[in-house]
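The structure appears below as structure tokens.
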Amino acid sequence: MSGFINWLQHSTPGLLLLAIVGIALLLLMIIKWKVEPFIALLVIGLLTALASGVPVLTLVGSAQKPGESLLETGFGGILGHITAIIGLGTMLGAILEASGGAQVLTRSLLRALGENRAPLAMGLAGLIFGVPVFFDVGIFVLAPLVYVAAKQGGRSILLYCLPLLAGLSVTHAFLPPHPGPVAAAGLLGVDLGWLILMGAACAIPAWFVGGVLFSSWIGKRIDIPVPEEMLAAAESEKHDRGEPSLGLVIGIIAVPLVLILAGTFGSIWLPKGSTVAGIASFIGTPAVALTVAVLLAFWLLGYRRGMTRAQAAELGTRSLRPVGMILLVVGAGAFYGAVLKATGIGSAIAGTLHDAGLPVIFAAYVIACGLRIAQGSATAAIAASAAIIGPTIKDVGYSQPQLALLVAAICAGSIIASHVNDGGFWIVSRYFGISVKDTLKTWTLLETILSVVGFAVAALLMAVI
């Protein structure tokens, strides 16, 4: 027995076996037993650590020194980095939604592009407004405009909703301040400025192929009328309050992105130690940049337009309610990654990938795809994938752009093949009146195209950078 334990804890095959069993149990807990991903990741991390021989004091610490434990440092390291970013990004999206900014943006695009290009307008609206808001919130806010545009155009609702969904999906998957890419960036040590650039480089081609070309093709072949009950609700909506200007809405969305990029490239281009470099570094810190954007948004879109302090406080509180579970999943994923690193499992996986000649970026994508298809949650797939891949790249010497592309590959894998175990699948089906069969033919295929194209661009850029 002692010989088997020694083999399990110290040999490459034994450590790989621990990794495989751990991932299998993780999927079993989430899929079969319906355990929350946060709890499942925490349990599997603890069991993996114990099975690989990590001392109890190292794993959970003691009453005198709990903060030095693998459990607390694993959680704390990532949450200290991403909590403010995700929270502030969520609040920014909430005030933009409540102010009517989404409707302003979409109507402006519809007027500019005309009725014949209304599907393209919906796609651009999803691509732009998807930066600050969650995927499902974007659907809830913009769906009424899809119903009206599709009814006026007299064509299948797929021609209008799929471009919108593609824009919302790629921004949610690839770009900060959304939880998935922010979490992966934190786990792999990626500067968010580089992630914005590389994420956009992968997201925009994916959106064009899936949201413009594929959506146009499939929308002409499957005719789905606008749900009458949804259309009636959309046409009965009242807009009693004035809406903000288009320039103001776009400006608020752009502020954090511009500041973060200024911080990233200011540290490269400006003289080291200069006052200007220090200022750029400060305002370009993601938490600072988002704080500036949130304060501007609440002032310009809220207080100046009649929002009371009580309403603003309620809006902020309500917007943060979904964030708690996201942070717990990410924290548990970071703990699992710390366990893999501490036990040597990460090094064993890295050595195996190297011996097999399998590129790390491809392995990261395949792992994310497998986790996504198996359990449905994109956030859980990203957290677990980054946790598995993170320890394998610690000695590779990737540059920041290459790490950002690795994150993009993981994020691409996390959206592949949305099907019945994904909440987004049912939101799309019910909100746009699409049958389950047709949702599989359209939405599931769209997500797969976005994933494959996004990964292909990331892999191509990785080969040349």
- Task: For Ala342, work out the one condition from (1) more than 30 Å from Val54 (Cβ to Cβ); (2) touching a residue at least 24 places away in the same chain (Cβ under 8 Å) it doesn't fulfil.
- Result: (1)
- Message: Of everything in the stretch 286-311, what is farther than 15 Å from Ser245 by Cα and among the aliphatic types (A, V, I, L, M)? Give them in sequence order.
- Response: Ala287, Val288, Ala289, Leu290, Val292, Ala293, Val294, Leu295, Met307, Ala310
- Message: Any residue in the stretch 191-218 that is surrounded by 22 or more Cβ atoms within 10 Å (Cβ to Cβ) sitting within a Cβ distance under 8 Å of a residue that is of a type in the set (Phe, Trp, Tyr) and modelled with pLDDT under 95? List the pairs, counting only those 6 or more apart or interchain.
- Response: Gly193/Phe265
- Taking only the stretch 278-301 into account, find how many residues are over 20 Å from Ala254 (Cβ atoms) and touching a Pro at 6+ places or on another chain (Cβ under 6 Å). 0
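Residues that are surrounded by fewer than 21 Cβ atoms within 10 Å (Cβ to Cβ): find the helices (runs of 4 or more DSSP H) completely inside the stretch 349-465 holding 2 or more of those. Before the answer, list the steps.
Working: elements: 360-375, 378-389, 400-413, 423-431, 436-439, 445-464.
Hits in the stretch 349-465: 360-375, 400-413, 423-431, 436-439, 445-464.
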- Task: Would you please list the contacts, defined by Cβ atoms under 6 Å and residues six or more apart or on different chains, that run from a residue in the stretch 65-87 that is without any contact (Cβ under 8 Å) to a residue 40 or more places away in the chain and over 20 Å from Leu175 (Cα atoms) to a residue that is of a type in the set (A, V, I, L, M) and part of a helix (DSSP H, G or I)?
- Result: Ser69/Val60
- Message: When the residues of the stretch 436-458 are narrowed to those that are without any contact (Cβ under 8 Å) to a residue 24 or more places away in the chain and over 20 Å from the mean Cα position of the chain (by Cα), which ends up farthest from Lys220 (Cα to Cα)?
- Response: Val436
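Inspect the stretch 49-68 for any residue being part of a helix (DSSP H, G or I) and surrounded by 23 or more Cβ atoms within 10 Å (Cβ to Cβ) and give the result as yes or no. If you could, list the steps in order and put the result at the bottom.
So in the stretch 49-68, the residues part of a helix (DSSP H, G or I) come out as 49-51, 56-60, 66-68.
Imposing the further condition that a residue be surrounded by 23 or more Cβ atoms within 10 Å (Cβ to Cβ) reduces the set to 49.
Taking every residue of the stretch 49-68 in turn, at least one turns out to be part of a helix (DSSP H, G or I) and surrounded by 23 or more Cβ atoms within 10 Å (Cβ to Cβ).
For Ala417, state whether it is within 30 Å of Pro227 (Cβ to Cβ) and modelled with pLDDT of 90 or more. Walk me through it before giving the result.
Working: within 30 Å of Pro227 (Cβ to Cβ): yes; modelled with pLDDT of 90 or more: yes.
Yes: the conditions hold for Ala417.
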- Task: Out of Arg309, Arg318, report the one residue that is within 22 Å of the chain's Cα centre (by Cα) and surrounded by fewer than 17 Cβ atoms within 10 Å (Cβ to Cβ).
- Result: Arg318
- Query: For the stretch 91-100, does any single residue satisfy the condition of being within 28 Å of Val212 (Cα to Cα), without any contact (Cβ under 8 Å) to a residue 60 or more places away in the chain and part of a helix (DSSP H, G or I)?
  - Reply: yes
- Glu72 meets each of (1) part of a helix (DSSP H, G or I); (2) more than 17 Å from Leu327 (Cβ to Cβ); (3) among the charged types (D, E, K, R) with one exception, condition (2)
- Note on the structure: Checked the stretch 18-41 for anything in a helix (DSSP H, G or I), within 19 Å of Gly331 (Cβ to Cβ) and not β-branched (Val, Ile, Thr); matches are Gly22, Leu26, Met29, Pro37, Phe38, Ala40, Leu41
- Determine which single condition Gln9 fails, assuming it passes every other condition in (1) crowded, with 20+ Cβ neighbours inside 10 Å; (2) in contact with a Leu (Cβ under 8 Å, 6 or more places away or on another chain); (3) under 23 Å from Thr392 (Cβ atoms). (1)
- Criterion (free of Cβ contacts under 8 Å to residues at least 60 places away in the same chain, within 26 Å of the chain's Cα centre (by Cα) and surrounded by 24 or more Cβ atoms within 10 Å (Cβ to Cβ)) met by exactly one of Val146, Val133, Val141, Val170: Val133
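Report yes if Ile20 is of a type in the set (A, V, I, L, M, F, W, C) and either crowded, with 20+ Cβ neighbours inside 10 Å or in contact with a Lys or Arg (Cβ under 7 Å, 6 or more places away or on another chain) (or both), otherwise no. Lay out the reasoning, then the answer.
Numbers: of a type in the set (A, V, I, L, M, F, W, C): yes; either crowded, with 20+ Cβ neighbours inside 10 Å or in contact with a Lys or Arg (Cβ under 7 Å, 6 or more places away or on another chain) (or both): no.
Considered against the rule, which asks whether it is of a type in the set (A, V, I, L, M, F, W, C) and either crowded, with 20+ Cβ neighbours inside 10 Å or in contact with a Lys or Arg (Cβ under 7 Å, 6 or more places away or on another chain) (or both), Ile20 comes out as no.
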- Lone unmet requirement of (1) farther than 25 Å from His178 by Cβ; (2) touching a Gly at 6+ places or on another chain (Cβ under 7 Å) for Leu353: (2)
- Item | Hits in the stretch 106-117 (condition: surrounded by fewer than 24 Cβ atoms within 10 Å (Cβ to Cβ) and in contact (Cβ under 8 Å) with a residue 24 or more places away in the chain) | Arg107, Ser108, Leu110, Glu115
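Scan the stretch 346-377 for residues that are among the hydrophobic types (A, V, I, L, M, F, W, C) and either without any contact (Cβ under 8 Å) to a residue 12 or more places away in the chain or touching a Pro at 6+ places or on another chain (Cβ under 9 Å) (or both) and jot them down. Full working, then the answer.
Quick first cut of the stretch 346-377, residues among the hydrophobic types (A, V, I, L, M, F, W, C) only: 348-350, 353, 356, 358, 360-364, 366-369, 371, 373-374.
Passing the criteria: Ala348, Ile349, Ala350, Leu353, Ala356, Leu358.
The values are calculated or read from the model by the stated rules, or taken from the named source; none is laboratory data. This one's a predicted model, so the numbers in the text were calculated from it and none came from an experiment. Cβ atoms come from the backbone with ideal geometry, glycine included; neighbour counts cover every protein chain shown.
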